[in-house]
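The values are calculated or read from the model by the stated rules, or taken from the named source; none is laboratory data. Predicted model only: the values in this text are computed from it and were never measured. For neighbour counting, all protein chains shown are included, and Cβ atoms are generated from backbone atoms with ideal geometry for every residue, glycine included.
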Amino acid sequence: MNTAAAFADFRTYPLISALTAVQTLADRVQVTWADGRISPFHYQWLRDNCPCPLCVYTVTREQVLEIVDVGQDLIPSQVHIDADGCLYVDWQEGHISRFDPGWLRAHAYDEESRAERRASKPKASLWRSDLQLPVFEYSELMTDTGALRQWLLAVRDIGLTQVRGVPTEPGSLKLIAQRISFIRESNFGVLFNVQSKADADSNAYTAFNLPLHSDLPTRELQPGLQFLHCLVNDAEGGESIFVDGFAIAQALREEDPESFQALCEIPVEFRNKDRHSDYRCLAPIIALDALGQVAEIRMANFLRGPFDASVDDMPRLYRAYRRFIEMTREARFRLMQRLNPGELWCFDNRRTLHARNAFDPATGARHFQGCYVDRDELLSRILVLQR
């Protein structure tokens with residue numbers, strides 16, 4: 001439907017149900033849909049969301065109206081459903097608003113509509129050691145937007161994917177990461193080389209085993225996605241290990257709710273320091289979103305500072321911390337696989353904890369390259385591809 005409401009967004013909104021009746025009340029209108037649902041819309045909300053070219057700039061689709069610039073006691077002089085099926089509101093101030101029924105239904109805030117939207121939001125698919133790893137081909141991801149969309153949905157919902165057939169020339173990783181968006185630079189560079197070296201500024205650049213962790217928990221915002229691309233892997237050992245941090249958090253919530261609560265409430269400081277930088281962040285190990293769902297895991301024992309909690313909280317924190325790490329070591333959660341040249345991991349760094357077994361550099365070369373892309377870029381790319 002081509003109405004003024006089209007200016008409100010770059011997306012289109014299908015007509016789920018037509019408007020059949022509208023009733024004006026003291027501070028709102030109440031509309032009835034063809035499927036029987038009833039949705040109230042306050043006058044303040046309708047005026048605030050007027051999609052006309054005077055209220056929304058048609059080029060950027062961004063609002064120019066600020067609600068404080070219209071009267072607080074908004075009253076329409078006329079409200080009806082017009083010939084196009086739109087909600088037509090003629091305000092006493094002389095302004096006219098028309099609302100596309102598809103857009104209006106998509107943003108209705110009666111309880112049934114809100115519950116419907118919450119139910120339709122993407123949900124994390126929790127996994128354990130028996131995960132059927134999603135595997136994708138590099139050539140398809142570089143040329144086929146359908147394959148690209150499926151890959152990004154797997155990264156979003158499962159949090160761990162593998163790509164095969166990637167060129168093994170140094171720097172090749174940049175091309176596939178940029179199929180999502182720009183790369184996030186850190187103090188380790190745009191692309192970082194994971195190799196054993198004598199002057200290492202991180203345990204990642206040694207041959208040691210690395211326990212399960214998220215990268216850069218020392219930052220206020222941990223990188224969203226991490227890529228690890230294998231160029232050479234002739235050394236013995238060095239297998240990759242992954243666990244779904246969300247699955248562990250959910251199991252902890254069910255099996256030991258007191259420990260879960262402690263890790264959500266008591267902040268822990270993580271530190272990343274070398275000769276030229278010193279990053280520190282104080283935050284809980286488990287972060288919840290606005291709806292109370294697990295949104296982030298922040299963990300790297302080798303980057304953790306001494307606990308700074310109250311005398312009463314210290315035993316509670318140690319009990320919860322020990323239990324969380326114990327769970328990451330349980331076979332039911334762990335997936336282990338060796339990465340071969342031309343393969344890469346792409347995973348949600350704020351969800352999927354990763355580890356590496358020790359390797360023997362005397363038995364052969366081992367060279368990985370890595371980079372980061374923020375989670376926001378992944379979600380934005382998916383939405384654009386879906387439109």
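Scanning the range 12-26 for residues that are modelled with pLDDT under 95 and surrounded by 13 or more Cβ atoms within 10 Å (Cβ to Cβ) yields 13, 15, 16. Checked against the criterion of being out of contact with any Leu (no Cβ under 6 Å at 6 or more places or on another chain) and either closer than 17 Å to residue 232 by Cα or in contact (Cβ under 8 Å) with a residue 60 or more places away in the chain (or both), the candidates 160, 131, 175 yield just one match: 160. Please count how many residues of the range 119-166 are in a helix (DSSP H, G or I) and at pLDDT 95 or above. Of the residues in the range 119-166, 19 are in a helix (DSSP H, G or I) and at pLDDT 95 or above.
For the range 272-308, a residue qualifies if it is buried (at least 16 other Cβ atoms within 10 Å of the Cβ) and over 21 Å from the mean Cα position of the chain (by Cα), and the qualifying residues are 272, 279, 303, 304. Taken over the range 205-230, residues that are out of contact with any helix residue (DSSP H, G or I) (no Cβ under 8 Å at 6 or more places or on another chain) and either outside any loop (DSSP other than H, G, I, E, B) or not assigned by TED's automatic domain parsing to the domain that holds residue 280 (or both) amount to 4. Across the range 367-376, a minimum of one residue is classified as over 18 Å from residue 245 (Cα atoms), assigned to a strand (DSSP E or B), touching a Gly at 6+ places or on another chain (Cβ under 9 Å) and of a type in the set (A, V, I, L, M).
Out of everything in the range 240-264 that is surrounded by 15 or more Cβ atoms within 10 Å (Cβ to Cβ) and charged (D, E, K, R), what residue ends up being farthest from the chain's Cα centre (by Cα)? Steps first, please.
First, the residues of the range 240-264 that are surrounded by 15 or more Cβ atoms within 10 Å (Cβ to Cβ): 240-253, 256, 259-264.
Okay, now just the ones that are also charged (D, E, K, R), so 244, 253, 256.
Working: 244: 14, 253: 21, 256: 26 Å.
Ranking the candidates gives 256 first.
Of all residues in the range 310-331, those being surrounded by fewer than 16 Cβ atoms within 10 Å (Cβ to Cβ) and either touching a Leu at 6+ places or on another chain (Cβ under 9 Å) or closer than 13 Å to residue 252 by Cβ (or both) number 6.
If you take the residues of the range 158-173 that are under 14 Å from residue 141 (Cα atoms) and not basic (Lys, Arg), which of them is surrounded by the most Cβ atoms within 10 Å (Cβ to Cβ)?
The selected residue is 173.
Evaluated against (1) in contact (Cβ under 8 Å) with a residue 40 or more places away in the chain; (2) crowded, with 17+ Cβ neighbours inside 10 Å; (3) closer than 26 Å to residue 116 by Cβ, residue 40 falls short on exactly one condition, (2).
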